[in-house]
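Worksheet: the structure to be examined is printed underneath.
The values are calculated or read from the model by the stated rules, or taken from the named source; none is laboratory data. What you see is a predicted model; the values in this text were computed from it and never measured. All Cβ positions, glycine included, derive from the backbone under ideal geometry; neighbour counts span all protein chains shown.
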Amino acid sequence: MKMKKIIILGANGKIAQIVRKRILNETGAHLSLYLRNSNRIKNINPNREEIIDGDVNDFNKLNDALKDKDIVYANLGGRFEPMAKNIIKAMQKNNNQRLIYVTGLGLYHEVPGDFGKWVEKSIGKEIMDDTRRAAKIIEKSSINYTIIRAAYMNNESKISYETTQKGTFFKGCIVSRASIADYIIRLVKNSSLDNYASVGINEPGTDGVLL
């Protein structure tokens, strides 16, 4: 069986670190760890991991890094629209088929009530508009994507979550990074799960807890 090749863009992020460990422990996949300042990554498994020091905004570097990858998992911060453009352009050029892209809630004004209003106000129009433009770039492409719209994140180890699909109201207010990582692992293991989908993720029973 061919070893699956996965690249993590933003590999030093908190969720990415959890995903990295679980992929190594639970699958036979090979990992490419793409990040700025690669000296932040420690304890490399030389048989199954490689580090690539690069910026997603550097198209040529990103384009080279995406060669022969089966899954591109992006967990990034910064200005999202130009990064999304580069990711999609590089994936199309390399004929990469699968993108897992983590972002936040509120892309479609899907968060109901007072919490939805609070989200828009607290995050701010400029950031929300940038995030929405990035999502549209992904959704309009030919790439098989799963956009993960996460509630406000915490570092609890508890794995407890539910998901909602685009076109339905978002549920809850918070979710653990461990839960998001668990969902990503499910996507990695199950190629038929939530294809061409934008999925909200939250901890059940947390409606209104941030207000």
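Observations, loosely collected:
- Considering residues of region 39-51 that are among the charged types (D, E, K, R) and either assigned to a strand (DSSP E or B) or at pLDDT 95 or above (or both) only, the residue surrounded by the most Cβ atoms within 10 Å (Cβ to Cβ): Glu49
- Region 57-90, residues that are within 14 Å of the chain's Cα centre (by Cα) and part of a loop (DSSP other than H, G, I, E, B): Asn75, Leu76, Gly77, Gly78
- Which listed residue is loosely packed, with under 13 Cβ neighbours inside 10 Å and within 24 Å of Glu26 (Cα to Cα), from Arg177, Arg186: Arg186
- Residue count for region 109-135 satisfying the condition of being loosely packed, with under 14 Cβ neighbours inside 10 Å and part of a loop (DSSP other than H, G, I, E, B): 3.
- Restricting attention to region 23-38, the residues being modelled with pLDDT of 95 or more, hydroxyl-bearing (Ser, Thr, Tyr) and either in contact with a Gly (Cβ under 9 Å, 6 or more places away or on another chain) or in a helix (DSSP H, G or I) (or both) number 1.
- Among strands (runs of 3 or more DSSP E) entirely within region 136-211, having at least 2 residues that are of a type outside the set (Gly, Ala, Ser) and closer than 23 Å to Arg98 by Cβ singles out 144-150, 162-165, 197-202.
- Of all the numbered requirements in (1) farther than 24 Å from Ala178 by Cα; (2) exposed (fewer than 14 other Cβ atoms within 10 Å of the Cβ); (3) in contact (Cβ under 8 Å) with a residue 12 or more places away in the chain, Lys158 misses one, and that requirement is (1).
- Selection count where residues are in contact with a Leu (Cβ under 9 Å, 6 or more places away or on another chain) and either buried (at least 19 other Cβ atoms within 10 Å of the Cβ) or among the small types (Gly, Ala, Ser) (or both), scope region 13-31: 5
- Residue tally, condition surrounded by fewer than 18 Cβ atoms within 10 Å (Cβ to Cβ) and out of contact with any Lys or Arg (no Cβ under 9 Å at 6 or more places or on another chain), over region 164-174: 5
- Of the residues making up region 108-116, one or more are at pLDDT below 95 and either in contact with a Cys (Cβ under 7 Å, 6 or more places away or on another chain) or among the aromatic types (Phe, Trp, Tyr) (or both).
- If you filter region 1-22 down to residues that are in a loop (DSSP other than H, G, I, E, B) and among the small types (Gly, Ala, Ser), you find that the one that is nearest to Gly78 (Cα to Cα) is Gly10.
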